[in-house]
Amino acid sequence: MTDTSGHHIVYGMLRDYLTNEELPDTDDERIRQQLARHLVKDLGYSKKEIEPRLIIPSCFNGNKVQSLVEFTIRIEGKRLFLLRYGPGSLVTREKAAVAAARILDPDYRIPLAIVTNGRDAELIETKQGKVVQQGMHCIPHRWEAARLRHDLVFEPYNNQEKREQALRILNMFDTDVCCSGSIC
């Protein structure tokens, strides 16, 4: 085991389930890989419908942040939902997930966001930012996603002031603070 950053233990390398890329083997990455397998093997998504590791960059007051969106699910050419993983409490992840869904795609607000810690999950509609379902079962099956794709609205989110506000939320919530209390 190699400790590379002061708070993330790297056990070696692993192969990404979706892309076959080699990635650092950390506890968090192992959970991400379990989630990817769950999306494909249990929920019926094809690997091609899942976009892994998208980054939303931001910089405010000299604080550069790269916000990670673990997965987005694209059905018939539209991103239906994004999924963000983080250990611990889900409620602390809701605002950042909604913000990411509002700005990730420049053409429309992604209608749904899911936050999970690998054991529990919340499904959030992103127009109002309300949790609509809880539990790991709230991640839609592929057949349900096909229905939702036609029921949900993919409306533009092009108000620049609101987009910047969402980006500021991501910047603030995703700032990586080390155990020592300083920015990593």
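The values are calculated or read from the model by the stated rules, or taken from the named source; none is laboratory data. None of these values were measured; they are calculated from a predicted model. Please note: Cβ atoms are built from the backbone with ideal geometry, for glycine as well, and neighbour counts cover all protein chains shown.
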Whichever residue in the range 66-76 is within 19 Å of Leu18 (Cβ to Cβ) and over 9 Å from the mean Cα position of the chain (by Cα) and, among such residues, is surrounded by the most Cβ atoms within 10 Å (Cβ to Cβ):
Ile73
Looking at the range 78-105, which of its residues are at pLDDT 95 or above and part of a loop (DSSP other than H, G, I, E, B)?
Leu104, Asp105
Scanning the range 130-160 for residues that are part of a helix (DSSP H, G or I) and in contact with a Phe, Trp or Tyr (Cβ under 9 Å, 6 or more places away or on another chain), the one nearest to Lys47 (Cα to Cα) turns out to be Arg142
Filter result (over 20 Å from Glu49 (Cα atoms), touching a residue at least 40 places away in the same chain (Cβ under 8 Å) and of a type outside the set (A, V, I, L, M)) within the range 94-116
Lys95
Across the range 107-125, which residue is surrounded by the fewest Cβ atoms within 10 Å (Cβ to Cβ) among those that are touching a helix residue (DSSP H, G or I) at 6+ places or on another chain (Cβ under 9 Å) and in a loop (DSSP other than H, G, I, E, B)?
Arg119
For the range 40-75, what are the residues that are basic (Lys, Arg) and modelled with pLDDT of 95 or more?
Lys41, Lys47, Lys48, Arg53, Arg74
In the range 97-118, is there at least one residue being farther than 29 Å from Phe60 by Cβ and out of contact with any Asp or Glu (no Cβ under 6 Å at 6 or more places or on another chain)?
yes
Residue selected from the range 47-65 under the condition free of Cβ contacts under 8 Å to residues at least 24 places away in the same chain and not in a helix (DSSP H, G or I), by the criterion surrounded by the most Cβ atoms within 10 Å (Cβ to Cβ)
Arg53
Check on Arg119, under 21 Å from Gly44 (Cα atoms) and either among the small types (Gly, Ala, Ser) or without any contact (Cβ under 8 Å) to a residue 24 or more places away in the chain (or both)
yes
Restricting attention to the range 66-77, which residues are part of a strand (DSSP E or B) and of a type in the set (D, E, K, R)?
Glu70, Arg74
Hits in the range 18-46 - residues which are farther than 24 Å from Asp174 by Cβ and more than 16 Å from the chain's Cα centre (by Cα):
Asn20, Glu22, Val40, Lys41, Asp42, Leu43, Gly44, Tyr45, Ser46
Scan the range 141-154 for residues that are among the charged types (D, E, K, R) and over 20 Å from the mean Cα position of the chain (by Cα) and jot them down.
Arg147, Asp151
